[in-house]
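Student: Before anything else, here's the structure in question.
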Amino acid sequence: METKNIKGTIFENYKPRSDLPALVEKCMNMVNLSAQELELEKFITHDVPLPEINKAFEYLIKGESLRCVICME
């Protein structure tokens, strides 16, 4: 398993201190999830290459995106 670090997020009404542990717990217990309960792909609105990372922040700040995935390749 690959280790992931979450550095930050821009998301209205999201409380990382209380919401993130519950999300991690659900992910670690995937067998207990229904197909509708955790559909993260629906929240990804843009794929942005790393050299254009500032564009991803512009999308988020302007409210034009829910989540941007930064492509490292």
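Student: Restricting to segment 24-38, give me the number of residues that are surrounded by 10 or more Cβ atoms within 10 Å (Cβ to Cβ), farther than 25 Å from residue 73 by Cβ and modelled with pLDDT under 75.
Tutor: So the count comes out to 3.
Student: Taking residue 69 as the residue in question, decide whether it is touching a helix residue (DSSP H, G or I) at 6+ places or on another chain (Cβ under 6 Å) and at pLDDT 85 or above. Lay out the reasoning, then the answer.
Tutor: Numbers: touching a helix residue (DSSP H, G or I) at 6+ places or on another chain (Cβ under 6 Å): no; at pLDDT 85 or above: yes.
Spelling it out, it is not the case that residue 69 is touching a helix residue (DSSP H, G or I) at 6+ places or on another chain (Cβ under 6 Å) and at pLDDT 85 or above.
Student: Considering each residue of segment 50-65, count those that are touching a helix residue (DSSP H, G or I) at 6+ places or on another chain (Cβ under 9 Å) and surrounded by fewer than 15 Cβ atoms within 10 Å (Cβ to Cβ), and give that number. Write out each step before concluding.
Tutor: In the first step, residues of segment 50-65 are kept if they are touching a helix residue (DSSP H, G or I) at 6+ places or on another chain (Cβ under 9 Å); the result is 64-65.
Subsequent filtering for residues that are surrounded by fewer than 15 Cβ atoms within 10 Å (Cβ to Cβ) retains 64.
Total meeting the criteria: 1.
Student: With the requirement that a residue be part of a helix (DSSP H, G or I) and modelled with pLDDT of 90 or more, what does segment 40-56 give you? Walk me through how you get there before you give the answer.
Tutor: In the first step, residues of segment 40-56 are kept if they are part of a helix (DSSP H, G or I); the result is 40-43, 50-56.
Scanning segment 40-56 gives 50, 51, 52, 53, 54, 55, 56.
The values are calculated or read from the model by the stated rules, or taken from the named source; none is laboratory data. Because the structure is a prediction, the values reported are computed rather than measured. When we count neighbours, we look across all protein chains shown, and the Cβ atoms used for this are built from the backbone with ideal geometry, even at glycine.
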